[in-house]
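Encoded as structure tokens, the structure appears first; notes follow it.
The values are calculated or read from the model by the stated rules, or taken from the named source; none is laboratory data. Remember, predicted model here, so these are calculated numbers, not experimental data. As a convention, Cβ positions derive from the backbone with ideal geometry for all residues, glycine included, and neighbour counts pool all protein chains shown.
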Amino acid sequence: MRIALQNFTGGEVAPTLSARYDLARYRNCVSCMENMLPGLHGDVARRPGTRYLAELDGPAVLLPFSFSADAGQNFALILSHKSLRVADANGLVPGLEPLATPYATADLLEISHAQVGDVVYLAHRRHPLHKLIRSDAPAGGYAWHLQPVALNTSLAAPAAPTVSFQGTAGSYSLRYKVAAVDANGRVSLPSPAGVVSTGRHPSDWVQGNSATVSWQAVEGAVEYNIYREEAGYFGFVGISASTSFSDQNYEADIADTPKEDWDPFADGNNPGVVAFHQQRMVLAATPAAPHTFYMSRTGDFENFRKSRPLQDDDPVEYQIASGSIDAITWAAGFGDLLLGTSGGEYKATGNDSGAITPASIAITAQSHWGSAGLAPIIIGNSILHVQRHGARVRDLFYSLEKDGYAGNDLSILAPHLFEGHSLKQWAYQQTPGSTIWIVRDDGLLLAFTYMKEHDIWGWSRHPTAGRVLSLTALSGQDSDLLLLVTEREVNGQPRYFLERLADHWQDAEDISEAFFVDCGCSSRQPDPSATVQGLAHLEGCPVAVLADGSPVEGCVVTEGAIQLPWPASRVHVGLPYVSALSPLPLEFDGPGGSSLGCRRSHGRCILRLHRSVGGKYGPSRQELYDLPFLPAHWGEAVSPFTGDVECLPGGAQESSATVWLVQDSPLPFRLSALVLDVDFGEG
């Protein structure tokens, strides 16, 4: 029987699915996809290597700083024990000293972050809310500052004003308060009340009656708001740019009153979650109220002062009542405000789907899977989150039929990648490939290709020589950049590196530019040389080498350098890694019944390759044969090959016989289709 496999977007699935050929996705899935990435057109290609950027002094966690689409405005924040540094696509930003932080190593993965403009807010339940501020440095470049967030800060309140009444005196006490306003429109707390006891109620004023309010100037104030007591409230009556105001019997607006201090995060009640929604900062998951979220005043993120009575732009406090205490684990603005808790997922809107205000808010449960503390990822019209125990990935998207949010378990076909593990951090690399990169608790790097509108989703594994500890994605010049923190053993000692996933090898590039080594460096010299230096970070390590497009074996880094057997101009050196692909066994229902259990072997097979060099094939991972690629001229690199290559995998007849394709050289490998001739024998 002959079969063509030309769509690998289903990714790697669990061994327990090897008999589920009734599934529509069976033909798109494979039993092993290691260090390979499915393409959006159905092909599968070797992942790029990683470039060494810098050595770190210990474990670290990366957070993104993304100001705009301009690549030069995006950075990675490197948080290590009590320290913060800044990196860009080329490594640590020179000239910047580490900033002191309150976060120990054990705190780092629990930090929730949210950015607005040049400010990144950092929330952690064991530490007060902090913010990292980027500003222009006097000598050029940028300066970075980390500081605690002081909520409800403003100008000082004015002293009690002096009030005098003009006209026929009475026995009514007129009471006034004054608040200072700065150039940014921030209003101070009100002054103590100034009183004149010989006034008359404004409803009794006649021509010639007025009240003059005077006060001392407040430094930094550009104007002042004046309030008069009416029915127990101090209502707004006017504005003055000077230090006096004449009340000509203006109506006191008791819907606009002075602000009162309110800080729900005092006394160590620190929020563990931060986000932004509808021009408000959202804080949640405090130790005292883990199921409650708070929203700042509209447009004033660090202001939680309230009015009396409450106004629409006042801060919001809401406790999710679900029958149990469900701690909020994440919040995300996604049209609606979506909230993940340990027991379910909720949607928060204003009444009639309007803006959320203190008097207009509705909370609706969307699902009851429960969410882990990993911040969700928004992709197009979907939001992805990790299920409560940290080992399942689900999506949420608006369903017109449900008039709410529905979702799927995206890890259902690959439980072997998650059982007994948890997911520690993830990042979305939109281009190229629409890939979510995930750090597993044991340091294994997972990749999830996801494009919902085309029903593309599949998992792959990406082991490397060491462990991946953290990652983040930044917007680059032509595509998104993935930065990683890795732990690798060098000369028997653990060392920590900042690395960047290399750019995908482009069709227009020469084979000498192919970069398929990990923690690697490139050397480009106008005059060929047999010595490659600058490799001290890999001292004593056997390395993979591509010299002018040809692989070199047997090199070991000694005193920070390697010696090539011939001089070369373009050399890539790094740790080797292996890419492997193996399809699921061919199964079907025929005239004689199911093929399950039938012994089979593979005859002539055809690999349709795209710009590939090298690679191996065989009936098992232990029995492999080289693909027959030769250079056009002896002594030159093999040119990338596009077309069909025939091979005979061989192997004995087995009920689960399959084919293995492996690339263990620092060379590209991209498969468009795999045609298999399968000979079935007796069951």
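For segment 232-249, how many residues meet the condition of being in a loop (DSSP other than H, G, I, E, B) and over 20 Å from N209 (Cβ atoms)? Write out each step before concluding.
Quick first cut of segment 232-249, residues in a loop (DSSP other than H, G, I, E, B) only: 232, 241-243, 248-249.
Checking the rest, the ones that are also over 20 Å from N209 (Cβ atoms) come to 232, 241-243.
Summing the residues that are in a loop (DSSP other than H, G, I, E, B) and over 20 Å from N209 (Cβ atoms) in segment 232-249 gives 4.
Just need a number here: residues in segment 105-132 that are in a loop (DSSP other than H, G, I, E, B) and over 16 Å from S80 (Cα atoms). Steps first, please.
Within segment 105-132, the subset in a loop (DSSP other than H, G, I, E, B) is 111, 117-118, 125-126.
Applying the additional criterion that residues be over 16 Å from S80 (Cα atoms) yields 117-118, 125-126.
Count: 4.
Looking at A375, A391, which one is in a loop (DSSP other than H, G, I, E, B), within 30 Å of L484 (Cβ to Cβ) and at pLDDT below 85?
Matching residue, one of A375, A391: A391.
Please work out which residue is modelled with the lowest pLDDT, limiting yourself to segment 406-436 and to residues that are charged (D, E, K, R) and either loosely packed, with under 15 Cβ neighbours inside 10 Å or assigned to a loop (DSSP other than H, G, I, E, B) (or both). Don't jump to the end; show me each part of the working.
Here is the first cut: in segment 406-436, the residues charged (D, E, K, R) are 409, 419, 424.
Pick out the ones that are also either loosely packed, with under 15 Cβ neighbours inside 10 Å or assigned to a loop (DSSP other than H, G, I, E, B) (or both) and you get 409, 419.
Working: D409: 86, E419: 91.
Among those residues, the one meeting the criterion is D409.
What single numbered condition from (1) touching a Gly at 6+ places or on another chain (Cβ under 9 Å); (2) not assigned by TED's automatic domain parsing to the domain that holds T435 fails to hold for L546?
The single condition L546 does not satisfy is (1).
Among the residues of segment 201-231, how many are free of Cβ contacts under 8 Å to residues at least 60 places away in the same chain, surrounded by fewer than 14 Cβ atoms within 10 Å (Cβ to Cβ) and within 16 Å of A157 (Cα to Cα)?
3
Can you confirm whether A530 is small (G, A, S) and within 30 Å of N7 (Cα to Cα)? Even if it seems obvious, please write down each step before you answer.
Numbers: small (G, A, S): yes; within 30 Å of N7 (Cα to Cα): no.
Judged against the criteria, A530 is not a match.
Name the residues in segment 595-617 that are assigned to a strand (DSSP E or B), modelled with pLDDT of 90 or more and either surrounded by 19 or more Cβ atoms within 10 Å (Cβ to Cβ) or in contact with a Ser or Thr (Cβ under 7 Å, 6 or more places away or on another chain) (or both), would you?
If the condition is that a residue be assigned to a strand (DSSP E or B), modelled with pLDDT of 90 or more and either surrounded by 19 or more Cβ atoms within 10 Å (Cβ to Cβ) or in contact with a Ser or Thr (Cβ under 7 Å, 6 or more places away or on another chain) (or both), then C605, L607, R608, L609, H610, R611, S612, K616, Y617 are the ones that fit.
Kindly provide the set of residues from segment 3-60 that are modelled with pLDDT of 95 or more, under 30 Å from I511 (Cα atoms) and in a loop (DSSP other than H, G, I, E, B), ordered by number.
N35, R47, P48, G49
Across segment 306-330, what is the number of residues that are over 19 Å from S360 (Cα atoms) and either assigned to a strand (DSSP E or B) or out of contact with any strand residue (DSSP E or B) (no Cβ under 8 Å at 6 or more places or on another chain) (or both)?
Counting residues in segment 306-330 that are over 19 Å from S360 (Cα atoms) and either assigned to a strand (DSSP E or B) or out of contact with any strand residue (DSSP E or B) (no Cβ under 8 Å at 6 or more places or on another chain) (or both) gives 6.
From the list A348, A355, which residue is among the hydrophobic types (A, V, I, L, M, F, W, C) and not in a loop (DSSP other than H, G, I, E, B)?
Details: A355 fails: not in a loop (DSSP other than H, G, I, E, B).
On inspection, the qualifying residue turns out to be A348.
For segment 164-231, which strands (runs of 3 or more DSSP E) that fit wholly inside it have 1 or more residues that are among the small types (G, A, S), over 13 Å from D247 (Cβ atoms) and not assigned by TED's automatic domain parsing to the domain that holds T298? Walk me through it before giving the result.
Working: elements: 172-181, 194-199, 210-214, 223-230.
Output list reads 172-181, 194-199.
Under the condition of being surrounded by fewer than 20 Cβ atoms within 10 Å (Cβ to Cβ) and part of a loop (DSSP other than H, G, I, E, B), which residue from segment 271-285 is modelled with the lowest pLDDT?
Q278
From the residues in segment 632-654 that are at pLDDT 80 or above and outside any strand (DSSP E or B), which one is farthest from P15 (Cα to Cα)?
Among them, the one singled out is E636.
Being more than 36 Å from the chain's Cα centre (by Cα) and among the polar types (S, T, N, Q) is the filter here; which residues of segment 577-618 pass it?
If the condition is that a residue be more than 36 Å from the chain's Cα centre (by Cα) and among the polar types (S, T, N, Q), then S594, S595, S601 are the ones that fit.
For segment 152-176: of the residues being within 30 Å of Y121 (Cβ to Cβ) and touching a strand residue (DSSP E or B) at 6+ places or on another chain (Cβ under 8 Å), which is surrounded by the fewest Cβ atoms within 10 Å (Cβ to Cβ)?
Of the residues in segment 152-176, the ones within 30 Å of Y121 (Cβ to Cβ) are 152-157.
From the residues that got through so far, the ones that are touching a strand residue (DSSP E or B) at 6+ places or on another chain (Cβ under 8 Å) too are 154-157.
Details: S154: 20, L155: 18, A156: 13, A157: 17.
Here the residue is A156.
Out of V578, V557, which single residue is closer than 28 Å to A673 by Cβ and among the aliphatic types (A, V, I, L, M)? Working first, answer last.
Numbers: V557 fails: closer than 28 Å to A673 by Cβ.
Matching residue, one of V578, V557: V578.
Would you tally the residues in segment 376-405 being surrounded by 14 or more Cβ atoms within 10 Å (Cβ to Cβ) and small (G, A, S)?
Here is the first cut: in segment 376-405, the residues surrounded by 14 or more Cβ atoms within 10 Å (Cβ to Cβ) are 376-379, 382-388, 390-398, 404-405.
Narrowing further to those that are small (G, A, S): 382, 390-391, 404.
Of the residues in segment 376-405, 4 are surrounded by 14 or more Cβ atoms within 10 Å (Cβ to Cβ) and small (G, A, S).
Please go through segment 76-86 and give me each residue that is more than 15 Å from V120 (Cα to Cα) and either touching a strand residue (DSSP E or B) at 6+ places or on another chain (Cβ under 9 Å) or not assigned by TED's automatic domain parsing to the domain that holds S475 (or both), ordered by number. Even if it seems obvious, please write down each step before you answer.
Quick first cut of segment 76-86, residues more than 15 Å from V120 (Cα to Cα) only: 80-83.
Correct list: S80, K82, S83.
Can you tell me how many residues within segment 539-594 are surrounded by fewer than 16 Cβ atoms within 10 Å (Cβ to Cβ), free of Cβ contacts under 8 Å to residues at least 24 places away in the same chain and not in a strand (DSSP E or B)?
Residues that pass the stated criteria total 3.
Which of the following residues is in contact with a helix residue (DSSP H, G or I) (Cβ under 6 Å, 6 or more places away or on another chain) and assigned by TED's automatic domain parsing to the domain that holds V274: V61, V93? Even if it seems obvious, please write down each step before you answer.
On the way: V93 fails: in contact with a helix residue (DSSP H, G or I) (Cβ under 6 Å, 6 or more places away or on another chain).
One residue alone meets the criteria, V61.
Residues are listed down the side, and each one gets a yes or a no for (1) among the hydrophobic types (A, V, I, L, M, F, W, C); (2) assigned to a loop (DSSP other than H, G, I, E, B); (3) under 21 Å from H113 (Cα atoms):
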position	(1), (2), (3)
W457	yes, no, no
A465	yes, yes, no
S470	no, no, yes
L474	yes, no, yes
Q477	no, yes, no
L481	yes, no, yes
T486	no, no, no
E489	no, no, no
Y496	no, no, no
